[in-house]
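First up is the structure itself, then whatever we jot down about it.
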Amino acid sequence: MEKVHVETLWLSDLHLGNRDCKAEYLLDFLQHHHARTLILVGDIVDLWSLKSRHHWPKSHNRVVTTLLDMAHNGTRVIYVPGNHDEAIREFVKFDFGKVEVRSHYTHQLVNGQKALAIHGDEFDTLVCHSRLTSVVGDIGYDFLLFLNRWNDKIRKLTGQPYWSLSGYIKEKVHKAKEAMQRFREASLAKARKRQVDAIVCGHIHHPEILETEDVIYMNDGDWIENCSSLVEYSDGTIQLVRWTEGLTVLEETTRFARSASVLREASYQEAG
Ligand SMILES: [Mn+2]
């Protein structure tokens with residue numbers, strides 16, 4: 001199989017051990033790429049869902065062996081644990097074989113600038129979204145609309161007044177959007193405080209690239225719903241991609257492209 005050679009992959013929220021993990025797409029994605037560095041940005045193994053029900057199909061095992069094979073075959077693999085795999089946090093600064101476990105990781109991009117990777121659950125207290133995402137994310141909006149139809153019928157049959165579940169959900173979605181905005185702001189503030197040029201998070205299962213004047217916030221998404229990853233190419237371009245039956249580029253930034261830094265240096269020289 002022809003592999004695409006890339007500089008860096010950021011992946012998070014695989015939730016191995018959860019029955020909603022899209023392990024087959026993930027395996028296909030990994031098999032189509034060769035990365036110099038692979039940064040796992042937390043919630044790789046879902047120890048929470050494994051606690052409540054045992055679910056470990058072969059495909060989940062194959063993801064683990066594929067990640068270990070990558071480490072064995074020359075890819076530098078860094079594992080930053082999240083909240084669903086926080087037990088792994090006890091191993092921070094240790095290595096699992098060739099996998100380095102770190103509480104956070106600052107990656108040097110090809111143009112020399114810095115991208116800090118953290119899972120993002122440390123912002124929960126600021127964002128206070130955990131209950132909201134459990135409604136919007138875990139159950140799913142469509143399912144709630146389906147429930148709403150039944151809620152309606154049952155209330156009519158039992159003679160209870162109308163109560164809009166979907167209105168309730170929309171209110172929750174609105175609050176979830178606000179929470180997401182607070183998450184972005186908290187991430188950007190962290191990037192500025194740590195004096196890095198970019199921050200990469202996972203956690204909220206919402207892939208995006210957000211450029212501001214000074215720093216960039218990037219979220220690599222998840223492999224429950226979005227099947228997304230951040231990819232740094234050798235020219236420094238970073239793409240947010242989705243991989244299901246094939247590749248879809250969701251967003252892209254050329255802020256850290258090698259040519260962009262050359263252009264910037266040239267303009268500094270002109271200015272100087
Ligand atoms: Mn998380």
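The values are calculated or read from the model by the stated rules, or taken from the named source; none is laboratory data. Just so it is clear, the model here is predicted, and its values are computed rather than measured. Positions of Cβ are backbone-derived with ideal geometry, glycine not excepted, and every protein chain shown enters the neighbour counts.
Which one is farthest from the ligand (Cβ to nearest atom) among residues in region 224-237 that are surrounded by 22 or more Cβ atoms within 10 Å (Cβ to Cβ) and of a type in the set (A, V, I, L, M)?
VAL231
Do any residues in region 100-120 that are without any contact (Cβ under 8 Å) to a residue 12 or more places away in the chain have Cβ atoms under 7 Å from those of residues that are assigned to a strand (DSSP E or B), where the two are at least six apart or on different chains, and which pairs are they?
Once the first residue is without any contact (Cβ under 8 Å) to a residue 12 or more places away in the chain and sits in region 100-120, its partners that are assigned to a strand (DSSP E or B) give GLN108/LYS114.
Would you mind finding the one in LYS177, LYS153, LYS193 that is within 23 Å of HIS84 (Cα to Cα) and free of Cβ contacts under 8 Å to residues at least 60 places away in the same chain?
LYS177
Would you mind finding the one in LEU240, LEU188, LEU247 that is surrounded by fewer than 17 Cβ atoms within 10 Å (Cβ to Cβ) and either away from the ligand (no atom under 16 Å from the Cβ) or of a type outside the set (Val, Ile, Thr) (or both)?
Every option except LEU247 fails the conditions.
Regarding region 20-30, can at least one residue be identified that is modelled with pLDDT under 95, of a type in the set (A, V, I, L, M, F, W, C), touching a Leu at 6+ places or on another chain (Cβ under 9 Å) and surrounded by fewer than 22 Cβ atoms within 10 Å (Cβ to Cβ)?
No; the residues of region 20-30 include none that is modelled with pLDDT under 95, of a type in the set (A, V, I, L, M, F, W, C), touching a Leu at 6+ places or on another chain (Cβ under 9 Å) and surrounded by fewer than 22 Cβ atoms within 10 Å (Cβ to Cβ).
Return the pairs, sorted by first residue and then second, in which the second residue is of a type in the set (Gly, Ala, Ser) and part of a strand (DSSP E or B), the first residue lies in region 32-48 and is within 14 Å of ALA115 (Cβ to Cβ) and touching a residue at least 12 places away in the same chain (Cβ under 8 Å), the beta carbons are less than 9 Å apart, and the residues are 6+ apart or on different chains.
ILE39/ALA115; ILE39/ALA117; VAL41/ALA117
Name the residues in region 209-221 that are closer than 17 Å to GLY42 by Cα and either among the basic types (Lys, Arg) or touching a Ser or Thr at 6+ places or on another chain (Cβ under 7 Å) (or both), would you?
Of everything in region 209-221, those that are closer than 17 Å to GLY42 by Cα and either among the basic types (Lys, Arg) or touching a Ser or Thr at 6+ places or on another chain (Cβ under 7 Å) (or both) turn out to be TYR217, ASP220, GLY221.
Those residues that are farther than 23 Å from ARG194 by Cβ, among the aromatic types (Phe, Trp, Tyr) and modelled with pLDDT of 95 or more, I need them from region 74-104; list them, please.
Of everything in region 74-104, nothing turns out to be farther than 23 Å from ARG194 by Cβ, among the aromatic types (Phe, Trp, Tyr) and modelled with pLDDT of 95 or more.
How many residues does region 1-36 hold that are within 20 Å of ILE78 (Cβ to Cβ) and either within 16 Å of the chain's Cα centre (by Cα) or within 16 Å of the ligand (Cβ to nearest atom) (or both)?
Residues flagged as within 20 Å of ILE78 (Cβ to Cβ) and either within 16 Å of the chain's Cα centre (by Cα) or within 16 Å of the ligand (Cβ to nearest atom) (or both) within region 1-36 amount to 12.
Any residue in region 61-74 that's free of Cβ contacts under 8 Å to residues at least 40 places away in the same chain: show its pairings with residues that are part of a helix (DSSP H, G or I) at Cβ separation under 7 Å, as long as the two are six or more apart or on different chains.
Going by the 7 Å Cβ cut-off, the qualifying pairs are ARG62/LEU27; THR66/LEU27; THR66/LEU30.
Which condition does MET70 not pass, out of (1) of a type outside the set (D, E, K, R); (2) modelled with pLDDT under 95; (3) closer than 16 Å to THR8 by Cβ, if it passes all the others?
Just one mismatch for MET70, condition (2).
Tell me, please, whether a residue that is of a type in the set (A, V, I, L, M, F, W, C), surrounded by 11 or more Cβ atoms within 10 Å (Cβ to Cβ), within 16 Å of the ligand (Cβ to nearest atom) and at pLDDT 65 or above can be found in region 105-122.
Taking every residue of region 105-122 in turn, at least one turns out to be of a type in the set (A, V, I, L, M, F, W, C), surrounded by 11 or more Cβ atoms within 10 Å (Cβ to Cβ), within 16 Å of the ligand (Cβ to nearest atom) and at pLDDT 65 or above.
Of the residues that make up region 201-223, is at least one of a type in the set (S, T, N, Q), within 23 Å of TRP243 (Cβ to Cβ) and within 16 Å of the ligand (Cβ to nearest atom)?
The first filter runs over region 201-223 and keeps only residues of a type in the set (S, T, N, Q), leaving 212, 219.
From what's left, within 23 Å of TRP243 (Cβ to Cβ): 219.
Cutting the leftovers down to within 16 Å of the ligand (Cβ to nearest atom) gives us 219.
Yes, region 201-223 contains a residue that is of a type in the set (S, T, N, Q), within 23 Å of TRP243 (Cβ to Cβ) and within 16 Å of the ligand (Cβ to nearest atom).
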